[in-house]
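Peer 1: Below is the structure I would like to discuss, written out as structure tokens.
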Amino acid sequence: MALVTGGQAAVSTLEAENTKYVFGLIGSATMEIFDALYDSQNINYIGVHDERTGVHMADGYARASGNAGLFLAGQNGPGATNLVTGLSQAMAAFSPVVSIAGALSSSHLYRDAFQEIDQNALFKPITKKTWTAPSAERIPELLREAFRNALTPRMGPVHLNLPRDVLAAQFENNLDLHPSSYRDMSAPAGDFEKIKQASRIISEANKPVIIAGGGIKNTAGQTQALALAEELNCPIVTSPGHGDAIAFSHPLNAGQMGPRGNIVASRLVKEADVILALGTRLGFNSTFYSYDNINRDAKIIHVEIEPSAIGRFFPIEVGIWGDAPTIAKQLLNSLKLSSNRKLADKWTSQFQVERKRYLQKRDSDAILTNPIQPTGLFKTLRSVLPKNSSITMDAGTLCLQATDALNYFQHKSLFTPLDFGLVGFSFACGLGVKLAQPERPVISLMGDGGFGMASSELSTAVDNGINTVTIVMNNKCWGAEKAYQRDFFNERYIGADVSSPPFDKLAELYGAQGFKVEKLNELSEVVVAALKCNKPAVIDVSVDPQALYSFRRDSFKHRGS
């Protein structure tokens, strides 16, 4: 058998994993891999302008496709350190990103060499696992290990360092393995006795509610979750950032719960006597770890794929380790054997009346005057965005409001930073989502500050024909921080205002399509035009700079109001 380099072996392993896209930034440390990619007939290379935004693309691709997102950093040292924010984001989102970076030649270690840092120590806290290949022969094995760790529960990012000399070394690569021979993707079912115990509790509930989290969304488990809700005739809410776990149009869907959710869904969780948490940790964004946001007296049945998450933040009645959709189906089958349930009918009917009233009020309360207000902006988007849209968001207050203010009709149509809460994410994430879902419109919402962090990737979108629509909600400030300075620091503003170029003109300079919206009645027509323009599009929307909101008021209780 012919000799291959470590770089060629790496690409062969990526092809065996059916890798369709490699996001990367070229550099000398991994040139052996780039050279091998030149010959690949199966992998499309997407060159980016910054490692951080490139990892966000891989993150978006991974979440939207269910496959690993691959990022290749061309350089060790600074090329590696630039990965930190993106991988930290993927870690918080449990996103299966496989990251590769070059590393110092083995003979240069511990000599304060050019671009030398301890990359293993750097990535260990922000990935599921990190490796450094000691030899070319080990590269295929460690890449297989990387994919296995990224894609098996609980999913998350991994990182592999490949030293320069290891990539250049040659060996006989005579082992060609299919992923099924080294990775089991079957989902664990719940313990039979725990299922029976949980079924008894649920069958006696007067005010049950199901919380559907990432464990339902990421596994396409909405069918199983809804079948269970329908059997119980009980409301189902979603955890924040996972509003697409359940279709907006379903009559039992209450929307997103928690301190950043809507009042109807949040009330259900505060008043329920039994809470079935399906694939959610009941973590920070859902509860702020406080009984202010969840009924202290409720019996909690906690279903999670990660055993250490069960009962971590709130005492539980029953914990069931396993795959959330599988366990939802087990519970459904168990409950069908019991007597016909009518206990929750009044609770559910009341919720449905409140939900209808809430949605009507959401529309009637929207401010449709100028300057453009967030509520008017969101109402317009609700009416104009296609039902099969995928929507990506940043973490700023406008996006946090939009998360529950928009409607999601299909599985995997909402992508947010989740618990890492960063800005500068949405546009890059949307490019990855579009590659995974080319048939669906992808709309990225973000503020002017966040888009300024990522706008150089417009050339990536143009060069590769990735036609997303980015809506920049331009209020000329860091909105959350300015709101805190207004509400808690006596309007002592410092560093809160943002100066930006006209983003519509900037988009056109990159070869994309740019639009400017200054009046609300212009927005609908512009969004339609952007969706049809067959180019990457940026809509610069002037939003009232005074329309500020303090989401994290709890953080400043010590300062009064």
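Peer 1: Considering the values [x] 1.00; [y] 1.07; [z] 1.23, which represents Cα Rg over 2.2 N^0.38 Å as calculated for the structure under consideration?
Peer 2: From the options [x] 1.00; [y] 1.07; [z] 1.23, the structure gives [x].
Peer 1: Okay, moving on. Pulled fully out, how much extra length does the chain show between S28 and M185, if you take 0.36 nm times their separation in residues and subtract their Cα-Cα distance? If you can, show how the numbers build up before the last one.
Peer 2: On the way: separation 157, 0.36 × 157 = 56.52 nm, distance 3.58 nm.
That works out to 52.9 nm of additional length.
Peer 1: If you plug each phi of segment 423-438 into the Karplus form 6.51 cos²θ - 1.76 cosθ + 1.60 with θ = phi - 60°, what whole-Hz ³J(HN,Hα) values come out, in order, with x for Gly and Pro?
Peer 2: 9, x, 9, 4, 4, 5, 4, x, 5, x, 4, 4, 5, 7, 10, x
Peer 1: Another question, if that's okay. For a Förster distance of 56 Å, can you work out the FRET efficiency between the beta-carbons of D345 and L509, rounded to the nearest 0.05?
Peer 2: Once the sixth-power term is evaluated, E becomes 0.40.
Peer 1: Please label the shape of segment 3-181 as rounded, prolate or oblate, based on the square roots a ≥ b ≥ c of the eigenvalues of the alpha-carbon gyration tensor (a/c under 1.5 means rounded; beyond that, a/b larger than b/c means prolate, else oblate).
Peer 2: Rounded, because the longest to shortest axis ratio a/c is under 1.5.
Peer 1: Sticking with this structure for a sec: Compute the distance in nm between two label points, each set 7 Å from the Cα along the Cα-to-Cβ direction, one at H178 and one at Q41.
Peer 2: With each label point 7 Å from Cα toward Cβ, the separation is 1.9 nm.
Peer 1: Mind listing the long-range amide H neighbours of I471? Cut-off is under 5 Å, sequence gap 5 or more, other chains count too, H placed in the peptide plane at 1.01 Å from N.
Peer 2: It is S444, L445, M446, I539, by chain and number.
Peer 1: Please arrange F94, F171, F71 by counting, for each residue, the other beta carbons lying within 10 Å of its beta carbon, fewest first.
Peer 2: Working: F94 22, F171 17, F71 32.
The order, fewest Cβ neighbours first, is F171, F94, F71.
Peer 1: Report the FRET efficiency, 1/(1 + (r/R0)^6), for S249 and F114, where r is their Cβ-Cβ distance and R0 is 51 Å, rounded to 0.05.
Peer 2: On the way: r = 58 Å, r/R0 = 1.13.
Efficiency at R0 = 51 Å is approximately 0.30.
Peer 1: Let's see if you can work this out: charge +1 on each Lys and Arg Cβ, -1 on each Asp and Glu Cβ, no other charges. What is the dipole magnitude of segment 1-53 about its Cα centre, in debye to the nearest 20?
Peer 2: It works out to roughly 100 debye.
Peer 1: How would C477, C429 line up from fewest to most surrounding beta-carbon atoms within 10 angstrom?
Peer 2: C477, C429
Peer 1: Can you work out ³J(HN,Hα) from phi for every residue in segment 13-21, in order, using Karplus 6.51 cos²θ - 1.76 cosθ + 1.60 and θ = phi - 60°, giving whole Hz and x for Gly and Pro?
Peer 2: Running phi through 6.51 cos²θ - 1.76 cosθ + 1.60 with θ = phi - 60° gives 5, 4, 5, 4, 7, 6, 5, 9, 9 Hz.
Peer 1: Right, something else. Roughly how far apart, in whole Å, are the Cα centres of segment 361-392 and segment 1-47?
Peer 2: Cα centroid of segment 361-392 versus Cα centroid of segment 1-47: 44 Å apart.
Peer 1: On to the next question. What residues qualify as long-range amide H neighbours of A103, i.e. H under 5 Å apart, gap of 5 or more or another chain, H built at 1.01 Å from N?
Peer 2: L162, R164
Peer 1: How high is the relative contact order of the chain, in percent, counting Cα pairs under 8 Å that sit 6 or more residues apart?
Peer 2: The value is 13 percent.
Peer 1: Amide H to amide H, which residues 5 or more places from Y21 or on other chains are under 5 Å from it, using H placed in the peptide plane?
Peer 2: Residues meeting the criterion, in which the H sits 1.01 Å from N, are N44.
Peer 1: A further question follows. Tell me, what is the percent relative contact order of segment 3-181, built from C-alpha pairs under 8 Å that lie six or more residues apart? Could you put the intermediate results ahead of the total?
Peer 2: On the way: 384 pairs, mean separation 50.0, N = 179.
Contact order relative to length: 28 percent.
Peer 1: Follow-up question, since we're still on this one. With θ set to phi - 60°, apply the Karplus curve 6.51 cos²θ - 1.76 cosθ + 1.60 along segment 60-66 and write out the HN-Hα couplings as whole Hz, x wherever there is a Gly or Pro.
Peer 2: Whole-Hz 3J(HN,Hα) from phi for segment 60-66: x, 4, 5, 5, 6, 9, x.
Peer 1: Right, next: Of the DSSP beta bridges with both residues in the chain, give the percent that are antiparallel, rounding to the nearest 5.
Peer 2: Working: 4 of 70 bridges.
Bridges in the chain are about 5 percent antiparallel.
Only the coordinates and a few stated rules stand behind these numbers; no lab work does. The shown structure was predicted, so the numbers you read here are calculated from the model rather than taken from an experiment. Heads up, the Cβs are rebuilt from the backbone with ideal geometry, glycines too, and the neighbour counts pull from every protein chain shown.
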